[in-house]
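Step one of this worksheet: look at the structure below.
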Amino acid sequence: MNAFQKLGLDADLLKAIEDMGFETPSEVQEKSIPILLEQETDLVSLAQTGTGKTAAFGFPLIQKIDSNSKKTQALILSPTRELCLQITNELKNYSKYKRSLNVVAVYGGASITDQARSISRGAQIIVATPGRMQDMIRRNLADISSINYCVLDEADEMLNMGFYEDIKSILSHTPKEKKTWLFSATMPKEVAKIAKKFMTDPKEITVGSKNKGSVNVSHEYYLVNHRNRYDALKRLADANPDIFSVIFCRTKRDTQKVAEKLIEDGYNAAALHGDLSQNQRDLVMKSFRTRQIQMLVATDVAARGIDVDDITHVINYQLPDEIETYTHRSGRTGRAGKQGVSMVIISKSEVRKIRTVEKIIQQKFEEKSIPDGKEICK
Ligand code: ADP
Ligand code: MG
């Protein structure tokens, strides 16, 4: 009996899991799946980014859906369009041997009529961003009045992005008896509030310690004169020719500027931020996923939840204003058991912030010098 079978998953799922090459369940999967399969309960499940939360709710959900009925039975809310598409793709993979199961993604920036049409053909699972879901309900294009399960994925991110009111309103259109499964990397006050207000006696699972950075990530900082930030970035890229990285800037303007300079200087780079059209964002993500782009320069909002495998380096071109955000940034690397590096380019005047970050992630930074760049560090 393999380890997934022991959790109680059925043959169709086990076959799909084998196709995906998953050999053993991650800790959050091991803890969440049996509870969700065997008990009709609300659940709060906290685990770091990259620990496999999608399958932790996706496997049991797919097993519990009645694919003979075309009614919408589950709603998954997730913070961004990219994540909606990613979750939808994953669920389609998991359910490839369950032919009559339909998963439909619902998000802004694409035709609402097309999405409504897909739902009307029978979508047992809807994966939605809160904003677009609200629209759908208001315009009577989706019926979630008899769902059995509601998943709040990346709950901390959704609340960070200001979706509290949308979530509240969406939940008011769902039956009282449904079960709510909340997944999150961190448990800030707002998430605790949601759990208290909208859930009934939730079971709780915590993997690792709350708010801690991923253990597969080592953290490094590079002291530079702030005028030389860009040169430092280039040296770091040159010293790591196989770099496949996300570079975080604080503003859309910086993001665009740094990406343009990198392109000018001959690097495979692109910008990802909110001023791009959805079409442009999709194209950028596609080129990044397929490795045509090695350096994705992004704002925090645009990069939320991106799950691209094998990101080798996260580079903080600037530290984020909110230190919590650092955890999310560095969580883009070191996923699925792989080793990753999170680098911070920082000037002398800000270096004390590193100590604050260390306290929050409960990990130490290593101070390193820019390769062959003594002159730009002064
Ligand atoms: P999270 O939502 O916790 O940030 P994801 O669900 O996006 O994490 O999973 C991160 C990566 O790990 C994905 O690429 C996923 O395919 C992979 N993964 C998940 N579970 C397993 C497993 N049991 N074995 C191998 N890889 C896994
Ligand atoms: Mg996730």
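We did not get these values from a lab; they are worked out from the coordinates using the rules stated. Here the structure is a predicted model, which is why all the values come from computation and not from measurement. Note that each Cβ is placed from the backbone with ideal geometry, even for glycine, and that neighbours are counted across all protein chains shown.
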### Task
Mind listing the long-range amide H neighbours of LEU182? Cut-off is under 5 Å, sequence gap 5 or more, other chains count too, H placed in the peptide plane at 1.01 Å from N.
LEU43, VAL44, SER45, LEU152
### Message
Could you list SER169, SER330 so that the one with the fewest beta carbons within 10 Å of its beta carbon is first and the one with the most is last?
### Response
SER169, SER330
### the chain - Rg (one decimal) and Dmax (whole number), Cα, Å
21.2, 68
### Query
Name the GluC sites (Glu not before Pro) in the stretch 109-186 that are in a loop by DSSP and that have at most 12 other C-beta atoms within 10 Å, would you?
GLU177
### Task
Note down, for the stretch 37-154, the three equivalent ellipsoid semi-axes (square root of 5 times each alpha carbon gyration tensor eigenvalue), biggest first, whole angstrom.
21, 17, 14
### Query
Around ALA128, which amide H atoms from residues at least 5 apart in sequence, or from another chain, sit under 5 Å from its own amide H, with H modelled in the peptide plane?
ILE76, LEU77, SER78, VAL106
### Task
Give a residue-ordered list of calculated ³J(HN,Hα) values for the stretch 248-256 (Karplus: 6.51 cos²θ - 1.76 cosθ + 1.60, θ = phi - 60°; whole Hz; x for Gly, Pro).
9, 10, 7, 10, 4, 5, 4, 4, 5
### Kirkwood Rh, angstrom, the stretch 126-172 [1 / mean 1/r, Cα pairs]
11.1 Å
### Task
Determine, for THR24, THR186, the number of other Cβ atoms within 10 Å of each Cβ, and report the residues in order from fewest to most.
THR24, THR186
### Ratio of Rg to Rh over the stretch 163-242 (Cα coordinates, Kirkwood Rh, two decimals)
1.23
#### Entry: Table column - 3J(HN,Hα) (Hz), the stretch 29-38, Karplus curve with 6.51, -1.76, 1.60, x for Gly and Pro
5, 4, 7, 7, 4, x, 4, 5, 6, 8
### Likely footprinting exposure, SER100, SER32, fewest C-beta neighbours within 10 Å first
SER100, SER32
### Task
Mind listing the long-range amide H neighbours of ALA298? Cut-off is under 5 Å, sequence gap 5 or more, other chains count too, H placed in the peptide plane at 1.01 Å from N.
ILE247, PHE248, CYS249, LEU272
### Message
For q values of 0.12 Å⁻¹, compute log₁₀ I(q)/I(0) with the Debye formula on a Cα-only model of the stretch 106-193, without solvent.
### Response
-0.36
